[in-house]
Amino acid sequence: MELIFSGLRVVEIADDPAGEYTGKLFADQGATVIKIEPEGGGPSRHIGPWVDGNEDPDHSLNFWTYNTSKQSVVLADDEDGRSRRAELIASADVLLTTGRPVDLDRAGLDLDKLCARHERLIALSVSPFGLTGPWANYLTSDLVGLAAGGLLNSCGYDDHTIPPIRPGGNQGYMTAASFAFCGALMALIERQNTGRGQLVDVSMHESIAVTGELANPYWFYPKAIVQRQTCRHAQPTMTQPALFQCGDGVWVYFALILADQFAWKALTSWMDEVGVAADLVDETYLSLAHRQENFPHIQGLLEAFFLIQDSDTVYRDGQRWGLPIGPLRAPEEVLRDEHLAARGFFVPVEMADGSVATFPGAPYRFSGGYGNPERPPLLGEHTEEVVPNG
């Protein structure tokens with residue numbers, strides 16, 4: 001089956017999750033992604049956890065996560081290595097880099113000159129702060145990116161004596177990767193029209209700054225600063241709690257928007273069905289002002305309502321009543337998710353040694369056919385095949 005990126009050739013010189021995940025998005029859907037690594041392997045191969053405790057470049061779960069379906073080429077940073085690298089770049093549709101300007105200069109990679117030399121080349125730079133500006137050579141991390149971009153200040157708890165909390169999953173890097181992927185696609189579309197590539201400069205800092213949800217419009221217009229809240233959207237003023245514990249000890253998320261008349265009627269009908277609506281079915285509660293005035297009473301009944309039911313029942317019945325509600329799951333529980341299982345999201349992948357590992361599948365699907373991840377490459381596995389000596 002020909003995948004959507006079949007025939008596309010990407011040369012990846014990336015050493016952080018933002019660039020590596022961008023390359024993975026292309027590779028899993030059929031692009032030939034050639035990952036150039038230094039002798040000994042890129043940084044991501046030296047970060048645990050490790051498969052079966054084997055602390056070597058081919059058993060890093062961190063590397064596996066971001067580098068499925070790629071080819072690995074090891075090149076020394078010397079005249080011969082740079083010459084062979086130049087050959088690969090000359091054959092590429094996309095050159096993907098993650099270096100700061102100082103890193104690119106040290107590596108002998110002038111992206112503007114490469115685009116001028118190879119008119120169809122798309123040079124995709126995914127860097128911490130972009131290729132220009134006073135911070136262009138600053139270092140970053142996922143946490144630094146989230147903090148500097150303003151997003152971190154919206155993440156945390158009602159108790160503001162506790163500092164902001166970093167969300168898991170490399171959200172800063174993943175945000176940059178999403179924008180980088182979109183930027184590359186737009187450049188590829190433009191190349192179809194003009195026959196020319198270009199430099200695409202993606203800044204992790206800017207990617208995060210533009211995804212501040214409500215923080216940006218609240219500041220741009222009413223000049224209000226949003227306040228972080230426990231498991232709900234940051235707002236200029238604190239809103240009502242949205243976490244409720246069920247009888248089985250599992251917490252569920254349910255944000256009751258008091259002004260939503262449909263949601264209120266659905267909730268009280270559901271509570272009445274269970275037998276704990278009490279006076280909430282009275283017509284006086286059809287008034288928003290009355291609901292707001294008596295919210296502590298409503299909150300108390302809601303807490304009792306959830307405590308007498310298990311989380312699975314609450315989830316299914318809440319959805320039946322048309323209310324957005326769901327349990328808080330641990331990552332390992334997601335692996336047992338019946339909906340993901342029905343869609344075949346998690347896929348078995350045969351590794352180089354014949355063992356089988358489970359990987360997340362494609363984040364998007366195409367009616368014409370889509371790919372799932374293939375195993376990550378062993379260090380230098382494709383060097384002689386892709387750039388043979390002599």
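Values quoted throughout were computed directly from the atomic coordinates according to the rules given, and no laboratory measurement underlies them. Bear in mind the structure is a predicted one, so any value in this text is a computation, not a measurement. Cβ atoms come from the backbone with ideal geometry, glycine included; neighbour counts cover every protein chain shown.
Observations on the model:
- Each residue in His59, His297 was given a count of other beta-carbon atoms within 10 angstrom of its own, and listing them fewest first yields His297, His59.
- A simple count of charges around His205, restricted to other residues whose Cβ falls under 15 Å of its Cβ and scoring Lys, Arg +1 and Asp, Glu -1, yields -3.
- Scattering profile of the range 213-287 at q = 0.21, 0.23 Å⁻¹ [log10 I(q)/I(0), Debye over alpha-carbon scatterers]: -1.01, -1.08
- Dipole of the chain, positive direction: furthest Cα of His339, Asn372, Gly145, with charges on the beta-carbon: Gly145
- Nearby lysines by direct alpha-carbon distance to Lys70 (threshold 25 angstrom, same-chain neighbours under 8 apart not counted): Lys24, Lys35
- Charge tally in the Cβ shell below 12 Å around Asn170, where Lys, Arg are +1 and Asp, Glu are -1, Asn170 excluded: -2
- Separation of alpha-carbon centers, the range 50-106 and the range 193-213, rounded to whole Å: 22
- Just so you know, the averaged projected area of the alpha carbon convex hull for the chain sits at 24.3 nm².
- Note that the range 252-325 shows a convex hull volume over its alpha carbon atoms of 78 Å³ per residue.
- Rounded to whole numbers, the Karplus 3J(HN,Hα) couplings from phi for the range 234-245 are 5, 9, x, 10, 5, 9, 5, x, 10, 9, 9, 8 Hz, using 6.51 cos²θ - 1.76 cosθ + 1.60 with θ = phi - 60°, and x at Gly and Pro.
- Environment charge at Leu288 (Cβ cut-off 15 Å; Lys +1, Arg +1, Asp -1, Glu -1): -2
- Selection from Trp321, Leu109, Gly133, by position along the positive dipole direction of the chain (Cβ): Gly133
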